[in-house]
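A quick write-up on the structure given underneath.
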Amino acid sequence: MSSAKNININLKIWRQKNAQAKGSMETYKLDNVSTASSFLEMLDQLNEQLINDKKSPVAFDHDCREGICGMCSLYINGRAHGPETGTTTCQLHMRKFKDGDTIFIEPFRSKAFPVVKDLVVDRSSFDRIQQAGGFVSVNTSGRTIDANATPVPKHDADRAFEAAACIGCGACVATCKNGSAMLFVGAKVSQYALLPQGKVEATARVLNMVRQMDEEGFGNCTNTGACEVECPKGISLENIARMNREYLAASLK
């Protein structure tokens, strides 16, 4: 038997027409929201109501809605992705809220994540960091070595997989008081640094990715640890330490 029920909520949502316009918080009342619905389904319901009232719907990012792609990044009641730790916005459900609650919804705030419209931000800075070095070059001459032919210690493989779990959502940046992207960059550097396939380009990779991170306008890390707490995939601060070691070693070569 389903325990779902309907609740009435008040929403305070950041509305901004475009990147140049001045934004503000707008208030909406939404009734009969099922607690079985996801947070994004609730926003879909709100937009349907706004469209029926001949008003502009709220723009927000989404794609897979399965906690994989990192697109649906919202700042909910003062926390990146909302009140449930280890959960992306799309996996947050309305059962976490009560009847009569007021929910504040904002875009991720960072100089490097400019607002495009309403709750949508431009996170292409992450793409440029990846393009600067977040890859391995593979010999495709016809004499390519099978990846499984290269032994990898279990401990290293596990840590590489843990780093690779980063979905690039930007929660680390949004929650950091400095707007630092070092958890993201640290994870991307680590997933290659821990594997033999990533050793060949290790020096250029970390130097190029850190340089691009700085050029994008991200802040520095002061070891507060908020990024790890709010990361929906639990990426560890150890990856920042590993990136710093890689960077120091590369700088001395």
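Summary table
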read-out	value
Hz values of 3J(HN,Hα) by residue in region 225-230 - Karplus curve (6.51, -1.76, 1.60), Gly and Pro given as x	x, 5, 4, 5, 5, 8
Contact order normalised by residue count of the chain, Cα under 8 Å, 6+ apart, percent	19 percent
Mean Cβ neighbour count within 10 Å, used as a protection proxy, ranking 169-180, 223-234 highest first	169-180, 223-234
³J(HN,Hα) computed for each position of region 86-98 - Karplus, 6.51 cos²θ - 1.76 cosθ + 1.60, integer Hz, glycine/proline x	x, 9, 7, 3, 5, 9, 7, 10, 6, 5, 7, 10, 10
The chain - share of DSSP beta bridges that are antiparallel (%, nearest 5)	75 percent
Per residue accessible area of the chain, 1.4 Å probe, in Å²	52 Å²
Quarter of Cα convex hull surface for the chain, i.e. mean projection, nm²	17.4 nm²
Placed amide H near C64: partners under 5 Å, 5+ positions off or other chain	C69, M71
Fluctuation leader among V136, V206, V33 - the chain, Gaussian network, Cα springs under 10 angstrom	V136
Region 17-65: GluC sites (Glu not before Pro) in DSSP loop, at most 10 other beta carbons within 10 Å	none
Coarse-grained scattering of region 6-116 at q = 0.13, 0.16, 0.18, 0.21 Å⁻¹, given as base-10 log I(q)/I(0) from a Debye sum over alpha-carbon atoms	-0.47, -0.73, -0.93, -1.29
Share of pairwise Cα separations in region 123-252, more than 21 Å, in percent	38 percent
Relative contact order of region 169-235, defined on C-alpha pairs under 8 angstrom at six or more residues apart (%)	51 percent
Proximal aspartates and glutamates to K29, defined as alpha-carbon separation beneath 19 angstrom and excluding residues fewer than eight positions away on the same chain	E41, D44, E48, D53, D99, D101, E106, D118
With every protein chain in place, the chain: carbon and sulfur % of accessible area (1.4 Å)	50 percent
Size of charge dipole - the chain - debye, nearest 20, with Cβ of Lys, Arg +1 and Asp, Glu -1, no other charges	420 debye
Span from the region 137-157 Cα centroid across to the region 204-253 one, whole angstrom	26 Å
Cα-Cα over 23 Å, subset of K96/K188; K55/K111; K199/K253; K5/K54; K98/K233	K96/K188; K55/K111; K5/K54; K98/K233
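The values are calculated or read from the model by the stated rules, or taken from the named source; none is laboratory data. As the structure is a computational prediction, the values presented were derived from the model and not from experiment. Cβ sites come from the backbone with ideal geometry, for glycine too, and all protein chains shown count toward neighbours. Accessible surface is based on the protein model in full, side chains and every heavy atom, while ligands, DNA and RNA are left aside. Shrake-Rupley method; radii C 1.70, N 1.55, O 1.52, S 1.80 Å.
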